[in-house]
Amino acid sequence: MEIKNKAYIAGIYEHPVRKAGELSTAQLHADVALGALEDAGLTLDDVDAYFCGADAPGLGGLTMAEYLGLRNLKYMDTTESGGSSYLLHVRHAAQAIAAGYCQVALITMADRPLATKQGTALSGVDRSSMPDLPFAAGVPGMPVYGYAMVARRHMHEFGTTPAQLAWVKVAASHHAQYNPHALRQEVVTVEDVLQSPMVADPLHRLDCCVMTDGGGAIVVVSPEVAAGLKQPKVKIIGTGEATKHRDGGFMDISYSAGRWSGERAFAEAGISVDDIHYASLYDSFTITVIMQLEDLGFCRKGEGGKFVQDGNLISGQGRLAFNTDGGGLCSNHPGNKGGMTKLLEAVRQCRGQAHPLLQVKNHEFVLAHATGAMMSSYHSAGTIILQAE
């Protein structure tokens, strides 16, 4: 279904905590829900559609609908695809609004892996019956090893260097220094990244995202509702989603599903990568960003390392500003669901509400993109293109 110009992002909120302490997961969901609705100028009584992933407690959407007191729901979606879930939720919400099923869609995300000491487990997902588990069981830090494999293959195929990977972290740290809520605010150098402990060759500790508690929420509304609200209008003009898996072992890990989700989003929006000067890109690891830049078309396949070096991702300095909040590499990566924060900063940039020193000037379009699960195996990709109106 064509959704261009048929839905707007009207409200956003990012929880300021990075360590939740005694705050429950349900409370975090409630906090971000109320914050996003207040940002939009709406209330819980206005919500007629609710979206969440497996991180929502209990029976997910049903549990949270009662907890929040949502009495007017006509539509619910609990799609779970890891970090890309919330970009898919925005797409699905826009489609539901375009189809006339609802007018005000609330999307929430919250997790507390530090408080629960659950590590890198995907909250709410039961992996015990996964058919591939016997082949991976007992391997510690599987996400890191999976992305390290992608990075090593990229180096083998295209000559990408550890120093080029490090430039992604350097750019993120330059932005994080201006974010008072960022978990890591210190600016780092390429040498700092290369000298940090090796986690899984070739990925160093500073090539990896932070792990935080927290969450965020988004409110998607119809054009009729948006017309009466206070915030600058952010229109959804292009979306895409795609999946990629191991195909029985016949898998090329030199590219991701973003190759297809990005193509679909740009086609729907009717613009090209040349029109994008800010991008929120999933940054679970530094290699993740390089892969997405290539697969979305910002540079040719194999040239991502060259594209990011020498500060080319630093706002006001490089060709393409990315993750001006510090991203998952420095600021906030709640559980394994970093896609939500990608959307939030994309909306801030679109509204002109990013940090003044990092706000991209004179731009009309922004892009948010995320992958879910592992790029080295099966994963989902979501791409959202927004336009300031």
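The values are calculated or read from the model by the stated rules, or taken from the named source; none is laboratory data. These numbers were taken from a predicted model, which means no experiment stands behind them. In this analysis, Cβ positions are derived from the backbone assuming ideal geometry, glycine residues included, and neighbour counts consider all displayed protein chains. What goes into the accessible areas is simple: the full protein's heavy atoms, side chains included, and nothing from ligands, DNA or RNA. Shrake-Rupley method; radii C 1.70, N 1.55, O 1.52, S 1.80 Å.
Measuring nothing but protein heavy atoms, the accessible surface of the chain at 1.4 Å probe radius is 51 percent carbon and sulfur.
Subtracting the Cα-Cα distance of L44 and R71 from their residue separation scaled by 0.36 nm leaves 8.9 nm. At 4 °C and 1.567 mPa s, grab the translational diffusion coefficient of the stretch 18-94 from Stokes-Einstein with a Kirkwood Rh over Cα pairs, rounded to a whole number in µm² per second. Diffusion coefficient, whole number: 99 µm²/s.
Keeping every protein chain present and rolling a 1.4 Å probe, give me the accessible area per residue for the stretch 156-215 in Å². Here the per-residue accessible area is 43 Å². Given the protein chains as shown and a 1.4 Å probe, how many square angstrom of T160 are accessible, to the nearest 10? T160 exposes around 10 Å² with every protein chain in place.
Taking every DSSP beta bridge that has both ends in the chain, the antiparallel portion is near 75%.
The value of relative contact order for the chain, using C-alpha pairs under 8 Å at least six residues apart, is 26 percent.
Amide H contacts of G238 (H built 1.01 Å from N, in plane; Pro and chain starts excluded): I385 sit under 5 Å, all sequence-distant by 5 or more or on other chains. Using the Cβ-Cβ distance between S272 and Q118 with R0 set to 41 Å, the FRET efficiency works out to roughly 0.50.
Couplings 3J(HN,Hα) of the stretch 58-64, computed from phi: x, 8, x, x, 5, 4, 6 Hz, in residue order, whole Hz [Karplus 6.51 cos²θ - 1.76 cosθ + 1.60, θ = phi - 60°; x for Gly and Pro]. Measuring only protein heavy atoms, the 1.4 Å probe finds D247 accessible over about 90 Å². Averaged over its residues, the stretch 241-306 has an accessible area of 39 Å² per residue, based on protein heavy atoms and a 1.4 Å probe. Summing +1 for each Lys or Arg and -1 for each Asp or Glu among the other residues whose beta-carbon sits under 10 angstrom from that of A7 gives +4. On a 19 Å Cα-Cα criterion, which of the cross-link pairs K301/K361; K235/K342; K306/K337; K169/K306 come out too long? Exceeds cut-off: K301/K361; K306/K337. Among the listed values (1) 21.1; (2) 28.2; (3) 20.5, the one matching Kirkwood radius over Cα pairs in Å as calculated from this structure is (3).
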